[in-house]
Amino acid sequence: MRLSILLTTVVLAATALAGCQKEEEAAAPPRPVLSLVVTPTALPGTRFAGVVQAKVQAALGSRVAGRLVSRTVHVGDLVKKGDALAVLDATAYELAVRSARAELSSAEATLSSAVATEERQKTLLQSNAAAQAAVESAEQSREAADAGLVRARTALVKAEEQLSYTRILAEFDGVVVATGAEVGQTVSPGEAIVTVARPDERDAVVDIPETAEKIAIGSRFAVSLQINPAVKVMGTVREVAPSADAVTRTRRVKIALENPPETVRLGTTITAELEGPDLTAIMIPETAVLLKDGKPHVWLVDAGKGEVHLAPIETGAAANRYLQVASGLKDGDRVVTAGVNSLEEGQKVRIEDEASL
C-alpha cells in the first residue's frame, strides 16, 4: 500500500514538473535577431566613386622665367578668351626689345650705306675709274649688310615674342579651377600659374582597380551625385587608360556626361554605376548562411507571424564577405544575418533592426 502511494506521488510530481517546463517554454519571449531585407544591388566591380572634371582644361603658364607681379583671377572666376590672367616682371624683356630695335636701325643704316657704295663703284667701273675688284668687294659688303638686316629683324621678332610671354592670357572662355603661383613668386618656364577649364563639357573621372571587370570604350554608366543620389545623369566611356598606375594599380576612366544639369558642378564627387545585363544581384553577408547537409540555407523571417523558417539557396561568387545569391531569395525577403546556428525551425523571433542591403 505504501509502495503504491509512493509511486503515485512520484508520477504526479513528474507530471507537474513537465507541465511547468512546458509553461516556461511557452512563456519564453521571442529571441531578438539581426536581419536585413534583401534587394538586387550592383555587383562588385560595377560601381565606382569619382569626381566631375572638365573635358577640356589647360594649365597656363609663361614660356619665360620671371617674377610674378600680378594675378587678377582666383579659383571660381569666369574668364573670356584673351583676358589677362597674370603678368610677369617685363623689365628685362622690354630692354631686350629696345636693344633689338636699335640693332635693326643700325643694320638698316649699314645696308643703306653698302647699297650706295655698291652703286657708286659700279658707276666708276663704267667710266674705268674703278677696278673690278672694288666692285666685287662692294657687292660682298652689301650682301653681308643684307644678312645683318635679316638677323636684326629676327632678333626683334624674338624679343617681342618673349615680351609677350610675360602676359598670360586665357585661351578660351572658361572658369578658373586652380592657381599655381602667387604674386612675388619667381616662376620657371612652363610652370603652371592658372588652370582654366571649360565648364560646358564635363567628364566623370573614376579610378578602377585593375582587378575589376574590364571596361570598354562606349560602355554606359549611370552617374549620380554622392551628396544627392537623386541627381542622376547618363554617360558614355570615352577614354580608358591603357595601363594601371604603378602605385595605385588602378586605371583611369573618363565618362562623357550627357547634358549634365548645373548641379553637377566641377569637382563634385559622384558614384558611377556600370549599366548592362546581369550586373545586379542579391548579395547577403556570409554570416547569414547556414550549411546543412553541406548545402547553403538561410533563415527567412516571417514578419507577420514573428517566426523563422529555413530555406535552401544557391550561392555564387563571394566578394568582401558577401555572397551572391543565384536562387532561393527574392527582392523584399528578410533574412537573419547573425546567430544562424542557434535558431530552430518555427522559432519566435523579434526583429532588432531595420537594415537593408
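Descriptive notes on the structure:
- For the stretch 289-346, residues that are closer than 18 Å to THR41 by Cα, of a type in the set (Asp, Glu) and open to solvent by 30 Å² or more (accessible area, probe 1.4 Å) total 2.
- Residue satisfying condition, being outside any helix (DSSP H, G or I), crowded, with 19+ Cβ neighbours inside 10 Å and of a type in the set (A, V, I, L, M), within set VAL206, VAL183: VAL206
- Entry remark, the stretch 231-275: residues being part of a strand (DSSP E or B) and among the polar types (S, T, N, Q) number 4 in total.
- Pairs where the first residue, in the stretch 147-173, is in contact (Cβ under 8 Å) with a residue 60 or more places away in the chain and closer than 12 Å to VAL97 by Cβ and the second is of a type outside the set (Phe, Trp, Tyr) and part of a helix (DSSP H, G or I), C-beta under 6 Å, 6+ apart: ALA159/ALA96; ALA159/VAL97; ALA159/ALA100; GLU160/VAL97; LEU163/VAL97
- Meets criteria (of a type in the set (Gly, Ala, Ser) and touching a strand residue (DSSP E or B) at 6+ places or on another chain (Cβ under 6 Å)) for ALA204: yes
- Within the stretch 209-230, considering residues that are in a strand (DSSP E or B) and hydrophobic (A, V, I, L, M, F, W, C), the one farthest from THR46 (Cα to Cα): LEU225
- For the stretch 97-127, filtering for residues that are within 30 Å of GLU191 (Cβ to Cβ), open to solvent by less than 40 Å² (accessible area, probe 1.4 Å) and among the small types (Gly, Ala, Ser) leaves 1.
- Residues in the stretch 347-357 that are surrounded by fewer than 16 Cβ atoms within 10 Å (Cβ to Cβ) and either farther than 17 Å from THR39 by Cα or out of contact with any Ser or Thr (no Cβ under 8 Å at 6 or more places or on another chain) (or both): LYS348, ARG350, GLU352, GLU354.
- Tally of residues being exposed (fewer than 13 other Cβ atoms within 10 Å of the Cβ), among the aliphatic types (A, V, I, L, M) and modelled with pLDDT under 90 across the stretch 128-155: 3
- Single unsatisfied condition, LYS80 versus (1) open to solvent by 70 Å² or more (accessible area, probe 1.4 Å); (2) of a type in the set (Lys, Arg); (3) without any contact (Cβ under 8 Å) to a residue 40 or more places away in the chain: (3)
- Residues that are open to solvent by 80 Å² or more (accessible area, probe 1.4 Å), of a type in the set (D, E, K, R) and within 19 Å of ARG220 (Cα to Cα) within the stretch 240-258 comprise just one, ARG252.
The values are calculated or read from the model by the stated rules, or taken from the named source; none is laboratory data. No experiment lies behind these values; they were computed from the predicted model shown. Ideal geometry is used to build each Cβ from the backbone, glycine not excepted, and the neighbour counts take in all protein chains shown. Just the protein is used for accessible areas: all its heavy atoms, side chains included, with ligands, DNA and RNA removed. Shrake-Rupley method; radii C 1.70, N 1.55, O 1.52, S 1.80 Å.
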